[in-house]
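The values are calculated or read from the model by the stated rules, or taken from the named source; none is laboratory data. Every value quoted in this text rests on a predicted model; they were computed, and no experiment measured them. A quick note on method: Cβ atoms are made from the backbone with ideal geometry, for glycine too, and the neighbour counts reach across all protein chains shown.
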Amino acid sequence: MSAKEKIYPESGVELTPFMSKHYDSILALASMGHYPRSIKKAIGNMDIRPDDHILDMGCGTGYNSKLMSAFLNSKGQILGMDISDEMARQFRNRFAEDERVSFMEERIDQPFYLNRKFDKILISFVFHGFPHEVREVVIHNALAHLKEEGSFYILDFAEFEMNSMPPHHRFIFKAIECPYAFDYIARDWKSILKEDGFNSFTEYFYLKNYMRLLRCKK
Ligand SMILES: C[S@@+](CC[C@H](N)C(=O)[O-])C[C@H]1O[C@@H](n2cnc3c(N)ncnc32)[C@H](O)[C@@H]1O
(Lines give C-alpha, C1' and ligand atoms only; values in the text may rest on other atoms or scores of the structure.)
Protein backbone atom coordinates (compact mmCIF):
# COMPACT_ATOMS: atom_id res chain seq x y z
CA MET A 1 0.00 0.00 0.00
CA SER A 2 3.09 2.25 -0.21
CA ALA A 3 1.67 5.63 -1.21
CA LYS A 4 -1.94 4.46 -1.22
CA GLU A 5 -4.52 5.49 1.35
CA LYS A 6 -5.71 2.83 3.77
CA ILE A 7 -9.05 1.31 2.80
CA TYR A 8 -10.03 0.80 6.46
CA PRO A 9 -8.14 3.40 8.50
CA GLU A 10 -8.47 1.43 11.75
CA SER A 11 -7.23 -1.85 10.25
CA GLY A 12 -3.96 -3.38 11.38
CA VAL A 13 -3.55 -5.65 8.34
CA GLU A 14 -2.89 -2.84 5.86
CA LEU A 15 0.75 -2.50 6.77
CA THR A 16 3.14 0.42 6.40
CA PRO A 17 5.86 0.08 3.75
CA PHE A 18 8.42 -0.46 6.54
CA MET A 19 6.37 -3.25 8.18
CA SER A 20 5.73 -4.85 4.79
CA LYS A 21 9.41 -4.79 3.93
CA HIS A 22 10.48 -6.45 7.19
CA TYR A 23 7.28 -8.38 7.98
CA ASP A 24 8.72 -11.89 8.16
CA SER A 25 11.77 -10.97 10.21
CA ILE A 26 9.85 -8.71 12.61
CA LEU A 27 7.39 -11.50 13.42
CA ALA A 28 10.17 -14.07 13.80
CA LEU A 29 12.19 -11.81 16.09
CA ALA A 30 9.26 -10.52 18.15
CA SER A 31 8.03 -14.08 18.79
CA MET A 32 11.55 -15.47 19.30
CA GLY A 33 10.93 -17.93 16.49
CA HIS A 34 7.63 -19.28 17.86
CA TYR A 35 5.48 -17.65 15.16
CA PRO A 36 7.25 -19.12 12.10
CA ARG A 37 7.40 -22.53 13.80
CA SER A 38 3.63 -22.43 14.38
CA ILE A 39 2.99 -21.31 10.81
CA LYS A 40 5.01 -24.26 9.55
CA LYS A 41 2.96 -26.65 11.69
CA ALA A 42 -0.28 -25.06 10.47
CA ILE A 43 0.66 -25.40 6.82
CA GLY A 44 1.57 -29.02 7.55
CA ASN A 45 -1.94 -29.49 8.97
CA MET A 46 -3.57 -28.35 5.71
CA ASP A 47 -3.27 -31.82 4.13
CA ILE A 48 -2.06 -30.35 0.87
CA ARG A 49 -2.19 -32.79 -2.04
CA PRO A 50 0.55 -32.63 -4.69
CA ASP A 51 -1.75 -31.41 -7.46
CA ASP A 52 -3.78 -28.95 -5.41
CA HIS A 53 -4.61 -25.53 -6.78
CA ILE A 54 -4.46 -23.06 -3.90
CA LEU A 55 -5.48 -19.42 -3.53
CA ASP A 56 -3.62 -17.46 -0.85
CA MET A 57 -5.78 -14.41 -0.03
CA GLY A 58 -3.73 -11.52 1.34
CA CYS A 59 -0.58 -13.51 0.66
CA GLY A 60 1.94 -10.96 1.96
CA THR A 61 5.58 -11.79 1.23
CA GLY A 62 4.73 -15.32 0.10
CA TYR A 63 6.11 -16.91 3.27
CA ASN A 64 3.11 -19.24 3.63
CA SER A 65 2.89 -19.88 -0.11
CA LYS A 66 6.52 -20.99 -0.06
CA LEU A 67 5.75 -23.53 2.66
CA MET A 68 2.68 -24.72 0.74
CA SER A 69 4.61 -25.00 -2.52
CA ALA A 70 6.90 -27.59 -0.94
CA PHE A 71 3.94 -30.02 -0.91
CA LEU A 72 3.12 -29.56 -4.60
CA ASN A 73 4.26 -31.41 -7.69
CA SER A 74 4.50 -29.87 -11.16
CA LYS A 75 0.69 -29.89 -11.53
CA GLY A 76 0.05 -28.03 -8.29
CA GLN A 77 -0.47 -24.26 -8.44
CA ILE A 78 -0.67 -21.32 -6.08
CA LEU A 79 -2.14 -17.89 -6.77
CA GLY A 80 -1.20 -15.18 -4.28
CA MET A 81 -3.46 -12.14 -4.01
CA ASP A 82 -2.58 -8.90 -2.25
CA ILE A 83 -2.87 -5.14 -2.59
CA SER A 84 0.52 -4.06 -1.28
CA ASP A 85 3.21 -3.06 -3.76
CA GLU A 86 5.95 -4.07 -1.35
CA MET A 87 4.37 -7.45 -0.65
CA ALA A 88 3.91 -7.96 -4.41
CA ARG A 89 7.59 -7.24 -4.96
CA GLN A 90 8.71 -9.76 -2.33
CA PHE A 91 6.22 -12.40 -3.47
CA ARG A 92 7.27 -12.09 -7.10
CA ASN A 93 10.98 -12.22 -6.18
CA ARG A 94 10.47 -15.28 -4.03
CA PHE A 95 8.80 -17.19 -6.86
CA ALA A 96 10.67 -15.76 -9.83
CA GLU A 97 11.93 -19.25 -10.70
CA ASP A 98 8.74 -21.16 -9.88
CA GLU A 99 6.14 -21.21 -12.67
CA ARG A 100 3.60 -22.95 -10.46
CA VAL A 101 3.18 -19.83 -8.32
CA SER A 102 1.74 -16.55 -9.56
CA PHE A 103 0.63 -13.24 -8.09
CA MET A 104 -2.38 -11.05 -8.71
CA GLU A 105 -2.95 -7.57 -7.36
CA GLU A 106 -6.56 -7.74 -6.20
CA ARG A 107 -8.67 -6.59 -3.26
CA ILE A 108 -10.17 -9.51 -1.39
CA ASP A 109 -12.60 -7.30 0.55
CA GLN A 110 -14.82 -6.69 -2.46
CA PRO A 111 -16.31 -9.20 -4.89
CA PHE A 112 -13.82 -10.44 -7.49
CA TYR A 113 -14.31 -12.86 -10.35
CA LEU A 114 -11.71 -15.35 -11.56
CA ASN A 115 -12.39 -17.86 -14.30
CA ARG A 116 -10.88 -20.66 -12.23
CA LYS A 117 -11.68 -22.47 -8.99
CA PHE A 118 -9.42 -23.81 -6.27
CA ASP A 119 -9.09 -26.95 -4.15
CA LYS A 120 -7.99 -24.90 -1.18
CA ILE A 121 -8.17 -21.25 -0.18
CA LEU A 122 -6.04 -19.91 2.66
CA ILE A 123 -6.45 -16.59 4.43
CA SER A 124 -3.72 -16.09 7.01
CA PHE A 125 -3.71 -13.23 9.49
CA VAL A 126 -5.79 -10.96 7.29
CA PHE A 127 -9.38 -11.83 8.17
CA HIS A 128 -9.38 -10.39 11.70
CA GLY A 129 -8.37 -6.99 10.33
CA PHE A 130 -11.60 -6.24 8.47
CA PRO A 131 -14.94 -4.80 9.65
CA HIS A 132 -17.39 -7.65 10.16
CA GLU A 133 -19.60 -6.91 7.13
CA VAL A 134 -16.46 -7.00 4.96
CA ARG A 135 -15.51 -10.42 6.34
CA GLU A 136 -18.83 -11.66 4.92
CA VAL A 137 -17.71 -10.47 1.46
CA VAL A 138 -14.41 -12.33 1.91
CA ILE A 139 -16.29 -15.50 2.86
CA HIS A 140 -18.47 -15.19 -0.23
CA ASN A 141 -15.40 -14.68 -2.41
CA ALA A 142 -13.96 -17.89 -0.96
CA LEU A 143 -17.19 -19.83 -1.47
CA ALA A 144 -17.47 -18.61 -5.08
CA HIS A 145 -13.90 -19.65 -5.93
CA LEU A 146 -13.74 -23.08 -4.29
CA LYS A 147 -14.39 -26.30 -6.18
CA GLU A 148 -17.14 -28.51 -4.76
CA GLU A 149 -15.73 -30.20 -1.60
CA GLY A 150 -12.90 -27.64 -1.64
CA SER A 151 -11.57 -26.38 1.70
CA PHE A 152 -11.40 -22.88 3.13
CA TYR A 153 -8.68 -22.34 5.76
CA ILE A 154 -8.66 -19.42 8.14
CA LEU A 155 -5.32 -19.18 9.92
CA ASP A 156 -5.70 -16.41 12.46
CA PHE A 157 -6.38 -15.65 16.09
CA ALA A 158 -8.49 -18.21 17.89
CA GLU A 159 -11.72 -17.27 19.68
CA PHE A 160 -11.04 -16.17 23.26
CA GLU A 161 -12.07 -13.65 25.88
CA MET A 162 -9.65 -10.81 26.18
CA ASN A 163 -10.49 -10.46 29.87
CA SER A 164 -9.44 -14.03 30.57
CA MET A 165 -5.95 -13.46 29.17
CA PRO A 166 -3.05 -13.11 31.61
CA PRO A 167 -2.45 -9.34 32.06
CA HIS A 168 0.87 -9.27 30.17
CA HIS A 169 -0.66 -11.10 27.17
CA ARG A 170 -3.68 -8.79 27.23
CA PHE A 171 -1.42 -5.73 27.36
CA ILE A 172 0.55 -6.86 24.28
CA PHE A 173 -2.57 -7.92 22.36
CA LYS A 174 -4.29 -4.58 23.01
CA ALA A 175 -1.14 -2.66 22.16
CA ILE A 176 -0.46 -4.30 18.82
CA GLU A 177 -3.92 -5.22 17.54
CA CYS A 178 -6.66 -3.15 15.93
CA PRO A 179 -10.28 -2.83 17.15
CA TYR A 180 -11.45 -5.24 14.42
CA ALA A 181 -9.31 -7.96 16.01
CA PHE A 182 -11.05 -7.46 19.37
CA ASP A 183 -14.36 -8.02 17.58
CA TYR A 184 -12.99 -11.00 15.64
CA ILE A 185 -11.91 -13.06 18.67
CA ALA A 186 -15.34 -12.67 20.28
CA ARG A 187 -17.30 -14.23 17.40
CA ASP A 188 -18.43 -17.83 16.88
CA TRP A 189 -16.81 -18.47 13.49
CA LYS A 190 -18.06 -21.99 12.96
CA SER A 191 -21.68 -20.79 13.26
CA ILE A 192 -21.06 -17.86 10.93
CA LEU A 193 -19.38 -20.04 8.30
CA LYS A 194 -22.11 -22.66 8.62
CA GLU A 195 -24.78 -20.03 7.92
CA ASP A 196 -22.78 -19.00 4.86
CA GLY A 197 -22.78 -22.55 3.46
CA PHE A 198 -19.64 -24.20 4.84
CA ASN A 199 -19.54 -27.45 6.83
CA SER A 200 -17.16 -30.18 8.13
CA PHE A 201 -15.10 -28.10 10.51
CA THR A 202 -11.65 -29.08 11.78
CA GLU A 203 -9.49 -26.90 13.97
CA TYR A 204 -5.87 -26.92 15.14
CA PHE A 205 -4.42 -24.65 17.81
CA TYR A 206 -0.94 -23.14 18.22
CA LEU A 207 0.89 -20.52 20.28
CA LYS A 208 -0.74 -21.23 23.66
CA ASN A 209 -4.09 -21.62 21.88
CA TYR A 210 -4.15 -17.99 20.72
CA MET A 211 -3.72 -19.03 17.09
CA ARG A 212 -6.03 -21.36 15.17
CA LEU A 213 -6.19 -23.03 11.79
CA LEU A 214 -9.92 -23.45 11.07
CA ARG A 215 -10.74 -25.65 8.10
CA CYS A 216 -14.19 -25.92 6.60
CA LYS A 217 -15.55 -27.46 3.44
CA LYS A 218 -17.76 -26.14 0.70
C1 LIG B 1 -0.69 -9.24 8.42
S2 LIG B 1 -0.29 -9.46 6.72
C3 LIG B 1 -0.37 -11.24 6.52
C4 LIG B 1 0.35 -11.72 5.30
C5 LIG B 1 0.32 -13.23 5.04
N6 LIG B 1 -1.02 -13.72 4.80
C7 LIG B 1 0.95 -13.97 6.18
O8 LIG B 1 0.26 -14.65 6.93
O9 LIG B 1 2.19 -13.89 6.30
C10 LIG B 1 -1.78 -8.92 5.96
C11 LIG B 1 -1.72 -8.88 4.44
O12 LIG B 1 -3.03 -8.64 3.93
C13 LIG B 1 -2.92 -7.73 2.85
N14 LIG B 1 -4.21 -7.05 2.70
C15 LIG B 1 -4.77 -6.17 3.57
N16 LIG B 1 -5.97 -5.77 3.12
C17 LIG B 1 -6.15 -6.40 1.93
C18 LIG B 1 -7.21 -6.37 0.97
N19 LIG B 1 -8.29 -5.61 1.12
N20 LIG B 1 -7.09 -7.15 -0.14
C21 LIG B 1 -5.99 -7.93 -0.33
N22 LIG B 1 -4.96 -7.99 0.56
C23 LIG B 1 -5.04 -7.23 1.66
C24 LIG B 1 -1.79 -6.80 3.26
O25 LIG B 1 -1.25 -6.09 2.17
C26 LIG B 1 -0.82 -7.79 3.89
O27 LIG B 1 0.06 -8.34 2.95
Subject >> The lone exception for Ser200 - which of (1) at pLDDT below 90; (2) under 20 Å from the mean Cα position of the chain (by Cα); (3) among the hydroxyl-bearing types (Ser, Thr, Tyr) it fails >> reply: (1)
Original post:
Which condition breaks for Glu159 when tested against (1) closer than 23 Å to Pro9 by Cα; (2) modelled with pLDDT of 95 or more?
Top reply: (1)
Original post:
From Ile154, Ile139, Ile176, which residue is in contact with a strand residue (DSSP E or B) (Cβ under 6 Å, 6 or more places away or on another chain) and either under 23 Å from Pro36 (Cα atoms) or not basic (Lys, Arg) (or both)?
Top reply: Ile154
Subject >> Residues satisfying the stated conditions in the stretch 96-134, i.e. among the small types (Gly, Ala, Ser), under 28 Å from Cys178 (Cβ atoms) and touching a strand residue (DSSP E or B) at 6+ places or on another chain (Cβ under 7 Å) >> reply: Ser124
Original post:
If you check every pair at least six apart or on different chains, which have Cβ atoms under 6 Å apart with a residue in the stretch 120-131 that is more than 16 Å from Arg187 (Cβ to Cβ) first and a residue that is at pLDDT 95 or above and in a loop (DSSP other than H, G, I, E, B) second?
Top reply: Lys120/Asp52
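Looking only at the stretch 126-135, how many residues end up being surrounded by fewer than 21 Cβ atoms within 10 Å (Cβ to Cβ) and not in a helix (DSSP H, G or I)?
Within the stretch 126-135, residues that are surrounded by fewer than 21 Cβ atoms within 10 Å (Cβ to Cβ) and not in a helix (DSSP H, G or I) number 1.
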Subject >> Candidate set: the stretch 1-39, residues that are of a type in the set (Lys, Arg) and within 12 Å of the ligand (Cβ to nearest atom); chosen: the one surrounded by the most Cβ atoms within 10 Å (Cβ to Cβ) >> reply: Lys21
Original post:
Taking the stretch 98-117, which residues are among the β-branched types (Val, Ile, Thr) and within 9 Å of the ligand (Cβ to nearest atom)?
Top reply: Ile108
Subject >> Number of the condition not met by Asn115 [criteria: (1) free of Cβ contacts under 8 Å to residues at least 12 places away in the same chain; (2) in a helix (DSSP H, G or I)] >> reply: (2)
**OP:** Among the residues of the stretch 85-97, write down those that are more than 14 Å from the ligand (Cβ to nearest atom) and either within 20 Å of Thr16 (Cβ to Cβ) or surrounded by 15 or more Cβ atoms within 10 Å (Cβ to Cβ) (or both).
**Re:** Asn93, Phe95
**OP:** Return the pairs, sorted by first residue and then second, in which the second residue is β-branched (Val, Ile, Thr), the first residue lies in the stretch 201-214 and is touching a residue at least 12 places away in the same chain (Cβ under 8 Å), the beta carbons are less than 7 Å apart, and the residues are 6+ apart or on different chains.
**Re:** Leu214/Ile154
Original post:
Quick check: is even one residue across the stretch 69-81 touching an Asp or Glu at 6+ places or on another chain (Cβ under 6 Å), modelled with pLDDT of 95 or more and within 10 Å of the ligand (Cβ to nearest atom)?
Top reply: yes
